[in-house]
Amino acid sequence: MQNNKYTADLILLLVAAVWGFSLVAQSMGLDYLGPFGFNAGRFLLGALVLIPVCLLWQRGTVSNWPAMLTGSVAAGFILFMGASLQQAGLQYTTAGNAGFITSMYIVFVPVFGLVLAHKTGINTWLGAAVAVAGLYLLSIGEDFTINPGDALVLLGAAFWAGHVLIISRLAQQLNNLMLSLLQFIFCGLLCALLAAFFEADTFSGTNMLAAWQPLLFAGVLTVGIGHTLQVVGQRSAPASHAAIIMSLEAVFAALGGWLWLNEHLDTRQFTGCALMLAGVLLSQFPLSRRSKTVPTQAENA
């Protein structure tokens, strides 16, 4: 059981790295496509990556199609909302800021989880509190203002929290690869429909080809591999625990922004990054006997 936990943690850490660097690609993609158009391309591309895998390895393994379709549509819609708000926010904020603000789901997940009667150790709450302090230093100005892009990304973080929670439940009940595939297809088609209506001037094959590099990274690595590994990793990790590990996306986003977009962190923002990392590490160490015996989602199911 402990080995499964460590494996899940490593998988989720890899997910965080892929997602963080993807924010750089998503920001670059806005040079060619609108938020809905870019998300349509990357989620449908991610689905294409999984189709041959599902055909070769998962044939005949789905025993409950009504539950699969219902769960996939629900997860896909929440995924659509989180991704759309994040991508729209990237028009007005940096990749680094978007990464850290998206990581606010580390707070939303345990709060939302209380409604679902999920138990959370004190180490998770303390780690989340430290990380939130870091997020404050990063995104809230000294005059207590927040720009529109940061606000959109923050709203999207609430939906990312909902996605973490629903995947935590569905990953234990449904075929993981098929769940990933169907949620990508639903999310991608919904994005394409809205792009055709609201972004007709940029939603074209020509612009898709021009944006092939960020689409390739965000579609194949982030969606096809990253989101699928999220489903696999969350089979053995409680939702709140998984959220804090995946919140390291913020650190990778800031690093990617510095490396490829010439985004820089001042002393205040760097301190925020350090607090974010400290919060993640703190959440991994049980601080009481009760926190050591917190059941996993699999045990609660």
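The values are calculated or read from the model by the stated rules, or taken from the named source; none is laboratory data. All values reported here derive from a predicted model rather than from experimental measurement. Ideal geometry is used to build each Cβ from the backbone, glycine not excepted, and the neighbour counts take in all protein chains shown. For the accessible areas, the whole protein counts, side chains as well, though only heavy atoms, and no ligand, DNA or RNA atoms are used. Shrake-Rupley method; radii C 1.70, N 1.55, O 1.52, S 1.80 Å.
Here is how the numbers come out for the structure above:
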| item | result |
| --- | --- |
| For the stretch 1-134: accessible area per residue (Å², 1.4 Å) | 42 Å² |
| Difference of contour (0.36 nm per residue) and Cα-Cα distance, ASP266 to ILE51 | 73.0 nm |
| Helix runs (DSSP H) in the chain reaching 27 Å along axis by Cα, Kyte-Doolittle at least 0.0 | 2-29, 35-57, 65-89, 148-170, 176-198 |
| Sparse-neighbourhood loop sites, chymotrypsin sites (Phe, Trp or Tyr not before Pro) in the stretch 28-132 - DSSP loop, at most 16 other Cβ within 10 angstrom | TYR92 |
| Sorted peptide list for 210-218, 197-205, 248-256, 229-237, criterion being average Cβ within 10 angstrom, highest first | 248-256, 229-237, 210-218, 197-205 |
| Difference of contour (0.36 nm per residue) and Cα-Cα distance, TRP65 to ALA278 | 72.4 nm |
| The stretch 150-212 - accessible surface per residue (Å², probe 1.4 Å) | 42 Å² |
| Accessible surface of the chain [probe 1.4 Å, protein heavy atoms]: carbon and sulfur percent | 69 percent |
| Size of electric dipole in the chain: Cβ of Lys, Arg +1 and of Asp, Glu -1, about Cα centre, debye, nearest 20 | 1160 debye |
